[in-house]
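Enquirer: Sending over a structure as structure tokens; questions will come in a sec.
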Amino acid sequence: MPCDLMLIAYDGSENAKRAIEYAGRFLSADRAIVLTAWEPMVRQAARLSGLSGVMQPEWVPEEEIEDVAYVDARTINTEGVRLAKLAGLNAEARTAECTTTIWNAIVECADDLDVDIIVAGTRGATGIRALMHSSVADAVLKHCHRPVLMVPPGKEPAAKTG
């Protein structure tokens, strides 16, 4: 029996593409929302300048100019919807402006839509790298209160010798 609604977090990465593939293989849903969360360029610039210690002058983009981060998010999201449809899912597009963190935007969207399951790819970081940079998928799993299908990266093919 299919669930009513699934949410697929999609950022255009190979791991996100793999997550869509597995969602199509293993899950059945009446509707699948492909979500791409994005952060406005003005906030990205402010965050990066804060990390570097450089003072960022006041910068307000012109109202008529569309935020390049939003344009990119829509393009990425369109690709995700196309892949989800190819995987056999009844996919719909959705973008979410991130006001705090990407994982929070995903969890808030899942709560707003009251989805039955969230699908996300993982980076597969291990060791010290995993300790230094927590993944979006891990944070979604820790902070949402609904089932999550986490799809790890594929195994690298063994190098051929000889």
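Throughout, read-outs are computed from the coordinates displayed, never taken from laboratory work. All values derive from a computational prediction rather than experimental measurement. No Cβ is skipped: glycine too gets one built from the backbone with ideal geometry, and neighbour counts run over all protein chains shown.
Enquirer: Tell me the net charge near ASP30. Cut-off is 12 Å between Cβ atoms, ASP30 excluded, with +1 for each Lys or Arg and -1 for each Asp or Glu.
Expert: Around ASP30, the surrounding residues sum to -2.
Enquirer: Related question: Quick one: which residues, 5 or more positions from VAL151 or on another chain, have an amide H under 5 Å from its amide H? H modelled 1.01 Å from N in the peptide plane, none for Pro or chain starts.
Expert: Amide H neighbours of VAL151: ALA120, GLY121, THR122.
Enquirer: At R0 = 25 Å, how high is the FRET efficiency between THR99 and ARG18 if r is their beta carbon distance? Nearest 0.05 is fine.
Expert: So, using R0 = 25 Å, E works out to roughly 0.35.
Enquirer: Now for a different question. Sequence-distant or interchain residues sharing an amide H contact under 5 Å with ILE8, placed H: which?
Expert: Close amide H contacts, sequence-distant or interchain: ILE33, VAL34, LEU35, VAL119.
Enquirer: Tabulate in residue order the Karplus-calculated ³J(HN,Hα) for region 136-144, using 6.51 cos²θ - 1.76 cosθ + 1.60 with θ = phi - 60°, rounded to whole Hz; enter x for Gly and Pro.
Expert: For region 136-144, the Karplus curve yields 4, 4, 4, 5, 4, 4, 6, 10, 9 Hz.
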